[in-house]
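First the structure, in the form of C-alpha cells, and then the observations on it.
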Amino acid sequence: MTFQFQIELPDAGQRLDEFFASRFGSLSRMRIANLIEAGACLVNGSVGRAGYRILTGDSVEVSFDDGAPTAMSPEPIPLEVIHEDEHVIVVVKPAGMLVHPTMSVKTGTLANALAYHLNKSRIDEGRWRMEDLALGSSKSFDPRSSILNPQIVIRPGMVHRLDRATSGLIVIAKNSRALTVLSRHFRKRLVEKRYLALVRGNVEEEAGSISAPIGRDADQRPRWRVMESGKSADTRFKVLERAGRATLLELEPVTGRTNQLRIHCAHIGHPIVGDEMHGNCESRIADCESEDRSLRIGDQSEIRDSQSAFRLCLHASRLAFHHPAGGDWMEFTSPLPADIVETVESYRGQ
C-alpha cells in the first residue's frame, strides 16, 4: 500500500522519519526506520534519508504492507488527564507503563490508551479502522484539521518520553503542527521539567549540579552509563528533605540523555531508591559513596534487600512549556504518588 503527501508549510523542517511517525500510528519507530533504510520512502522520486529535513512543496511517499502486524491499537485504559485542548493533552503516566509500543510489547502502553481516549467517539460509533491511523494519506489533507473533522483519526504525537519505571507528567501533541512546534521547543530547551527523586544516603550539599558524559556501551549492562566518550550531560539538584538514610531531591535535567537522572544519581553515590538497573553500581564499587557515610554501596546484599520492596522512586512532578498554538506559558504540577510517599515515610523512621 502506498501513501503520498505534498508537504505544506506547517510540516516543513521536520526530519523525514519524524514526519512519517506523526502520520502513521500503525507503524512503530523501528519499522519506520527499517522502511527508510530499505528504500521504501521516497522524496521527490528519490530514496529518502531518515535525517532529511522536508521542504514545502516536496512530494513524499511511503509503501508498506498494510497487512503487517500493527504497533498500536486503541485500548480503554484509564488516563489521569491534567489538561486537554484541541492541540495538546497533558497526562500523568503511571509507573510500569511504557510510553509507546516496542518490538516485543504491543499493548498496555500510553500510546494505546491515548489512541482510545482521543478517538473514543469514533470508536463508539463503529467508525474505527486501523488503516485510518495513516493520517493525511490524501494530498488535500490539512494536519491542523484533525480535531475539527470527526472523520479523521487523531494520532497521539509523542513529543518526549519517560522511562517505563518513572511516573509523572507528559505532554502529547494532538496534531502535526503541535508536534512540530513542541518538538522544536524541547530540542531548544525551552521547556522546564522537574522531577522528585528519593535517593539513598544523606546528600550533604543543599544544592548543586552533576556534570558527567553519558554514552552507550553495547558490551556492558547497563548499556547507558557515564563514560568519557559519551555526550555531555548536566543535572541540577536541590535537597527538599533528609529522611533518615534517604534524601528527597528535586532534579532538573539540563540535558536529556537516556536514563540521565538515574545514571547521575548513581554516579555521585546516591542511586534512586528502587533503581535495580543503576543502583547496584557493580562496575564502580570503588567510586560509590556510602548510604550513611559508613555503609558502602558495594554491600550488594543489603542494597538488593532494600530495593526489592520499592518501585523506582522517580516522579516527573513539574512540566512547563509554551502552548504550540497561542504561545501562552503553561505550567503543570503533579504531587508524589502515594506509593512513593509511603516509601519516604518508611525512611523517616530509620
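Annotations
- Placing pseudo-labels 7 Å out from each Cα toward the beta carbon at Ser59 and Lys238 gives an inter-label distance of 5.6 nm.
- Per-selection Rg to Rh, the stretch 175-281 - Cα, Kirkwood hydrodynamic radius: 1.02
- Relative to the current alpha-carbon distance between His323 and Ser346, full extension at 0.36 nm per residue lengthens the span by 4.3 nm.
- Close amide-amide hydrogen proximity is noted between Asp217 and Trp224, Arg225, each under 5 Å apart and 5 or more residues distant or on a separate chain (H modeled in the peptide plane; Pro and chain starts excluded).
- Student exercise, the stretch 2-63 dipole from Lys, Arg, Asp, Glu Cβ charges, in Debye to nearest 20: 180 debye
- Estimated inter-spin distance, Ala33 and Leu9, nm [label 7 Å along Cα→Cβ]: 3.4 nm
- The residue among Val181, Val254, Val226 whose Cα reaches farthest toward the positive pole of the charge dipole of the stretch 152-290, with charges on the beta-carbon of Lys, Arg, Asp and Glu, is Val181.
- With neighbours defined as other Cβ atoms within 10 Å of a residue's Cβ, the residues Thr258, Thr109, Thr333 order from fewest to most as Thr333, Thr258, Thr109.
- Ranked Arg177, Arg187, Arg122, criterion: other C-beta atoms within 10 Å, fewest first: Arg187, Arg122, Arg177
- Likely footprinting exposure, Asp219, Asp163, fewest C-beta neighbours within 10 Å first: Asp219, Asp163
- Contour minus Cα-Cα distance for Glu276 and Lys188 (0.36 nm per residue): 28.5 nm
Read-outs throughout are calculated quantities, based only on the coordinates presented, and are distinct from any laboratory measurement. Just so it is clear, the model here is predicted, and its values are computed rather than measured. Cβ atoms come from the backbone with ideal geometry, glycine included; neighbour counts cover every protein chain shown.
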